[in-house]
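The values are calculated or read from the model by the stated rules, or taken from the named source; none is laboratory data. In this text the structure is predicted, and so the values were computed from the model without any measurement. Methodologically, a virtual Cβ is constructed for each residue, glycine included, from the backbone with ideal geometry; neighbour enumeration extends over all protein chains shown. For the accessible areas, the whole protein counts, side chains as well, though only heavy atoms, and no ligand, DNA or RNA atoms are used. Shrake-Rupley method; radii C 1.70, N 1.55, O 1.52, S 1.80 Å.
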Amino acid sequence: MAFELKQSLKLTQQLLMTPQLQQAIKLLQLSRMELEQFVETQLAENPCLEEGATESPEEVAQVERERERTEEQVLSEQMQAASSIVDANGSEKDGGTELDWDAMQRYQDAAPSSSTASRKNASDEEHPNYENMVSKVGTLQDHLMAQIGELDFDEKEQKIATLIIGNIDDRGYLTIGTLEISDSEGFDLDAVEDVLDAIQRFDPPGVGARNLKECLLNQVRNAHLKNGIVEKIIENHLPELENRNFLAIAKAMKITLEQVIENVQVVAELEPVPGRQFGNNEAHYIVPDVYVFKMGEEWVVNLNEDGLPRLKVNNFYQRMMSDKKSKGDDKNYINDKVKSAEWLIKSIRQRQRTIFRVTESIVKRQREFFDSGVEFLRPMILKDIAEDISMHESTISRITNNKYVHTPRGVFELKYFFNSSVTRADGNDVASESVKRMIADLIKVEDQRHPYSDQKIVEMLEEKGIQLARRTVAKYREQLQILPSSKRKKYF
């Protein structure tokens, strides 16, 4: 068999992801805050890109009028104001008239002195920025370190206490054992245990525990709640307590159910997460990307452009590009940066147009939701919107991710409007989100001493013409973060 070496031509088509196309796709899936951060980065990296100031027509006209005034005109106006003051002073000396304060004020407004400006700047620097004067909750570690100073610890004990507090997490639990602390720094184990015992008596109650059982027992000890039953329930029956199986606890401890419930009430008042009050509870605000409001009988979609920088290409570099004298590597560098800036501006505009078109299509298909509420939300998938606006489903998925719409019924993520369908007995479909709302409403009005089981909810939904399996109801209930009936039951 002979081998032969020869050349041949082959024509093929291949789709390549250019850097510009990758950037455009990335911009689609960025949230509003991420987009603002990305634009700030581009403004810092690309000298040809700048943020254009948006001025109202009145501001533009005022600027033009100021430009038309020459320096001689400004000086003449100031001299006239000064002469009017001099004349007023002279007349006061001659005839005893009062000083023309209006003229003085006009002169000060026309030509403020440097001393006035400096006093104003100094005054601004003296006053604090009240926007920065907001209350801030201290950390749990700071709170514990402050309490160390109230104890009569020697230098060694302070080092042990600092090491222990440094290993307490935000929940208030000690993340390492005393033996590990002793071995790591060469401290005596008994000394570490003594310091830990002192810290476990600090505020907040239960802090410094190594597990939930120790946390609850420390709170019972510090609050003097020991009665022989509470501590036994915590030590031996936490699993039954979690599952609210009070009959099993009563049987194991050989006491009445009433006694168990009475002591369980004491345990329920304890704090399982001592560091909760020092957690990060700052509110996170959502800025909607688009607004939907009603005008007359029609729903109107309006993009939220507030806060988004308006970009443009720097005029200086544009003129440099058209200058024939510019050549070489400098011109190539500027050319690349100008094209990058133009592409970024185009991609942001395309992103905004896509958000508008997608939202407009959603409003058209979910008109009953906007008119009547979540109970009338229709089943809808990405393919429905993609076909309506002639785009790919992946594009719709990216543009609806982390994008929010402000409506008269609240602020929703665009993903919220895409739901699977549940078939009614009459053949009509209902959105799964509407079914979840029905389940939540049923549980909200249930008797807390006799809560509805998942099977009971299935039967109640079936009476409304909605047929679901019990496991589907359980799945929807878990998505709503609602506990099962055994854990919702109230005994007291």
Checklist entry - For the pair F153 and N302, what calculated FRET efficiency results from E = 1/(1 + (r/R0)^6), where r is the Cβ-Cβ distance and R0 = 45 Å, to the nearest 0.05? => result 0.10
Item to check | Cα shape, the range 405-445, gyration tensor, a/c 1.5 rule | outcome: oblate
Checklist outcome for this item: Full extension between V287 and D371 adds, at 0.36 nm per residue less the Cα distance, a length in nm of 27.9 nm
Checklist entry - Rounded to the nearest 0.05, what FRET efficiency is calculated for T18 and K213 with R0 set to 60 Å and r the Cβ-Cβ distance? => result 0.50
Item to check | Linear extension gain, L238 paired with I255, 0.36 nm per residue minus alpha-carbon span | outcome: 4.5 nm
Checklist entry - Extension gain T139-T41, at 0.36 nm per residue separation less the Cα-Cα distance, in nm? => result 32.1 nm
Checklist outcome for this item: For K254, counting only lysines whose alpha-carbon sits under 26 Å away and dropping same-chain residues fewer than eight positions off, the answer is K213, K226, K232, K487, K489, K490
Next on the checklist: Let's test the formula: R0 of 30 Å, r as the Cβ-Cβ distance of R471 and E446. What FRET efficiency results, to the nearest 0.05?
Outcome noted: 0.90
Next on the checklist: Cut-off 15 Å, label point 7 angstrom out along Cα-to-Cβ of T175: give me the residues of the range 183-220 whose amide nitrogen falls inside.
Outcome noted: 208-211
Checklist entry - Looking at the range 324-398, which trypsin sites (Lys or Arg not before Pro) are in a loop (DSSP not H, G, I, E or B) and have at most 13 other Cβ atoms within 10 Å? => result K324, K325, K327
Checklist entry - What GluC sites (Glu not before Pro) does the range 133-232 have in DSSP loop regions with at most 14 other beta carbons within 10 Å? => result E150
Next on the checklist: Using DSSP to call loops (not H, G, I, E or B), can you name the GluC sites (Glu not before Pro) in the range 1-49 whose Cβ has at most 15 other Cβ atoms within 10 angstrom?
Outcome noted: E4
Checklist entry - Do the alpha carbons of any pairs in K10/K339; K26/K415; K383/K403; K312/K415; K444/K464 sit beyond 22 Å of each other, and which pairs? => result K10/K339; K312/K415
Checklist entry - Under a 1.4 angstrom probe, counting protein chains only, how are W299, W343 ranked by accessible area, largest first? => result W343, W299
